[in-house]
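Just below is one structure, and these are the notes that go with it.
The values are calculated or read from the model by the stated rules, or taken from the named source; none is laboratory data. The structure presented is a predicted model; accordingly, all values stated were derived computationally and were not measured. Cβ coordinates were reconstructed from backbone atoms using ideal geometry, including for glycine residues, and neighbour counts include every protein chain displayed. Accessible surface is based on the protein model in full, side chains and every heavy atom, while ligands, DNA and RNA are left aside. Shrake-Rupley method; radii C 1.70, N 1.55, O 1.52, S 1.80 Å.
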Amino acid sequence: MADTVSRWEHEDVLDRMQQRLNVWPNPMRLRRQTAEHPFGSFKAWMGATHFLTKSLPRVKAEMSLHVLAYNIKRAIAILGIDGLTAAIRA
């Protein structure tokens, strides 16, 4: 009986991920700065600690409203009210 070495069919995906982590060991820092910030803002600004609706379509609609409100607040913070109004009219 010969000894064999086998690999999982998707082992190359894990290898590539490990190579990326070896080059850049802390990708979560960037994620916290970009993706996690809006969700923390939803919770802090809008009291959105949980969804008020049930069922996936309603939760999606509620989340869309939170995202819209967040984006409007960010646009006002960046452009100001006059700049946002001008951008909407353009």
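Let a ≥ b ≥ c be the square roots of the eigenvalues of the Cα gyration tensor of region 27-74; is it rounded (a/c under 1.5), or, if not, prolate (a/b larger than b/c) or oblate? Could you put the intermediate results ahead of the total?
Values: a/c = 2.06, a/b = 1.65, b/c = 1.25.
Judged from the Cα gyration tensor, region 27-74 comes out prolate (a/c at least 1.5, a/b above b/c).
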In straight Cα distance, which aspartates and glutamates are under 19 Å from K43, not counting same-chain residues fewer than 8 positions off? E62
Rounded percent of accessible protein surface that carbon and sulfur make up, the chain, 1.4 Å probe: 61 percent
Accessible area in the full protein assembly, largest first, 1.4 Å probe, for F42, F51: F51, F42
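First check a/c for region 1-55, with a ≥ b ≥ c the square roots of the eigenvalues of its C-alpha gyration tensor; if it is under 1.5, answer rounded, and if not, answer prolate when a/b is larger than b/c or oblate otherwise.
Working: a/c = 6.53, a/b = 2.21, b/c = 2.95.
It comes out oblate by the Cα gyration axes.
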Helix 11-23: inclination vs the chain longest Cα principal axis, degrees, rounded to 10, gives 60 degrees
How much accessible surface area, in Å² rounded to 10, belongs to the heavy atoms of R16 with a 1.4 Å probe? 110 Å²
Give, as ranges by residue number, the residues of region 27-45 whose backbone N falls under 18 Å from the point 7 Å along Cα→Cβ of R74. 29-45
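Using the heavy atoms of the protein chains and a 1.4 angstrom probe, tell me the accessible area per residue for the chain in square angstrom. Could the numbers behind the result be given before it?
Values: 7960 Å² over 90 residues.
Ligands and nucleic acids excluded, the figure is 88 Å² per residue.
Which of the GluC sites (Glu not before Pro) across region 8-67 are loop residues per DSSP, with 10 or fewer other Cβ within 10 Å?
On the way: sites: E9, E11, E36, E62; in loops: E9.
Filter output for region 8-67: E9.
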